[in-house]
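Asker: Got a structure for you, written out below as structure tokens; questions coming shortly.
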Amino acid sequence: MDAPMILVDADACPVKDEIYRVAERFKAPVRVVSKSPFRVPVSDRVKRVVVSDSFDAADDWIADNAGPHTVVVTGDILLAERCLKAGATVIAHNGKPFDAASIGSAIATRAIMADLRAGMDGIGGGPPPFSKADRSRFLQALDRVLTAMTR
């Protein structure tokens, strides 16, 4: 079986280099999707996809190209939901998987947090800083997913 395609929501992705390394081991094609060009490794498997700057253009491209033999890397909960519906495997940048069991509560939490931020008049936080543990968890998750999908 061919290696799955990895689709990367690249504009805010802190683990692009890790994706390239794991993908090389599995000989998996990678599409780095963004509104602006990113430097990508010189490789026949890694391709940059630059979309228009219209709202959700990168998300739309990824969702349109996601399917049962793709792994999507994104921190965007709504994009994750769209890709799951298309049959893709979805992993957040911190290694946490999005799946049918977790996506509903993730969307609900996102909505609650948006409401709380809106009521705080500009006072907000955001996610905790990206850590070495997040990076390690992501590498393990991507390796595990690709291993399972190539069996």
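Listed here are the residues, each with its yes/no results for (1) in a loop (DSSP other than H, G, I, E, B); (2) out of contact with any Pro (no Cβ under 6 Å at 6 or more places or on another chain).
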position	(1), (2)
Tyr20	no, no
Ser52	yes, yes
Leu84	no, yes
Val90	no, yes
His93	yes, no
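Asker: Okay, next question. Applying the selection to region 26-43, what residues are modelled with pLDDT of 95 or more and over 16 Å from the mean Cα position of the chain (by Cα)?
Answerer: Phe26, Lys27 - these are the residues of region 26-43 that are modelled with pLDDT of 95 or more and over 16 Å from the mean Cα position of the chain (by Cα).
Asker: Can you tell me which residue among Ala63, Ala57 is over 18 Å from Leu142 (Cβ atoms), surrounded by fewer than 16 Cβ atoms within 10 Å (Cβ to Cβ), in contact with a Lys or Arg (Cβ under 8 Å, 6 or more places away or on another chain) and at pLDDT 95 or above?
Answerer: That would be Ala57, the only listed residue that is over 18 Å from Leu142 (Cβ atoms), surrounded by fewer than 16 Cβ atoms within 10 Å (Cβ to Cβ), in contact with a Lys or Arg (Cβ under 8 Å, 6 or more places away or on another chain) and at pLDDT 95 or above.
Asker: Please indicate, with yes or no, whether at least one residue in region 114-123 is at pLDDT 95 or above, in a loop (DSSP other than H, G, I, E, B) and out of contact with any His (no Cβ under 8 Å at 6 or more places or on another chain).
Answerer: no
Asker: Hey, another quick one. Condition first: in contact with a Ser or Thr (Cβ under 7 Å, 6 or more places away or on another chain), aliphatic (A, V, I, L, M), part of a strand (DSSP E or B) and surrounded by 17 or more Cβ atoms within 10 Å (Cβ to Cβ). Can you find one or more residues in region 22-30 that meet it?
Answerer: No, there is no match, as no residue in region 22-30 is in contact with a Ser or Thr (Cβ under 7 Å, 6 or more places away or on another chain), aliphatic (A, V, I, L, M), part of a strand (DSSP E or B) and surrounded by 17 or more Cβ atoms within 10 Å (Cβ to Cβ).
Asker: Still on this structure, please answer the following. Just a yes or no: is a residue in region 85-107 under 22 Å from Asp134 (Cβ atoms), at pLDDT 90 or above and surrounded by fewer than 17 Cβ atoms within 10 Å (Cβ to Cβ)?
Answerer: Scanning region 85-107, I find at least one residue that is under 22 Å from Asp134 (Cβ atoms), at pLDDT 90 or above and surrounded by fewer than 17 Cβ atoms within 10 Å (Cβ to Cβ), so the answer is yes.
Asker: So Ala12 passes all but one of these: (1) under 25 Å from Phe130 (Cα atoms); (2) buried (at least 16 other Cβ atoms within 10 Å of the Cβ); (3) within 13 Å of the chain's Cα centre (by Cα). Which condition number does it fail?
Answerer: Condition not satisfied by Ala12: (2).
The values are calculated or read from the model by the stated rules, or taken from the named source; none is laboratory data. Keep in mind the model is a prediction, meaning the values are calculated, not measured. Neighbour counts run over all protein chains shown; Cβ positions are idealised from the backbone, glycine included.
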